[in-house]
1. From the backbone phi of the range 25-30, what are the Karplus-calculated ³J(HN,Hα) couplings (6.51 cos²θ - 1.76 cosθ + 1.60, θ = phi - 60°) in whole Hz, Gly and Pro given as x?
2. Residues with beta-carbon under 13 Å from that of Asp42, excluding Asp42: net charge, scoring Lys, Arg +1 and Asp, Glu -1?
Amino acid sequence: MNARIDIDTDTLTVRLRGLDIMWTTRRRISVPLAHVLGAKIDGNVSHHGPWLGAGYTDALLDYTVAAGPMLVHGRHEFWDVHSPERTIVIDLVDEQYQRLVIDVDDPDAAAAEINAAVGLRAAA
């Protein structure tokens, strides 16, 4: 089940759903908007994900879930990905994680909403 992104005046919250709560032991991750650099769509996340170097192939990725804190290419990241083609990457600063890699229902809308909120906050 895909995560849900909620944005209020000064906070971005990723709400995990379904079994992802059990796998990650988290219901949500909240970060101040001031720490969000932006979001981008990354449908190629399977080509640079945590499974690289673990013996997985592209054929196996259809059956792989990446969920929870990960160290990927030297970055501390939080992943909740079932479908790489529906994935957004949220870049952070001054947080526990440098990136949130999240599978959402509508990547275009989620990335646009995050970038608009970050832009509005930067303009204020």
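Any read-out appearing in this document is the output of simple, stated calculations on the displayed coordinates, not a laboratory observation. Note that the structure is predicted; figures quoted are calculated from it, not measured. Cβ: placed from backbone, ideal geometry, glycine included. Neighbour counts: every protein chain shown.
1. 6, 9, 8, 7, 10, 10
2. Counting the neighbours of Asp42, the net charge comes to -2.
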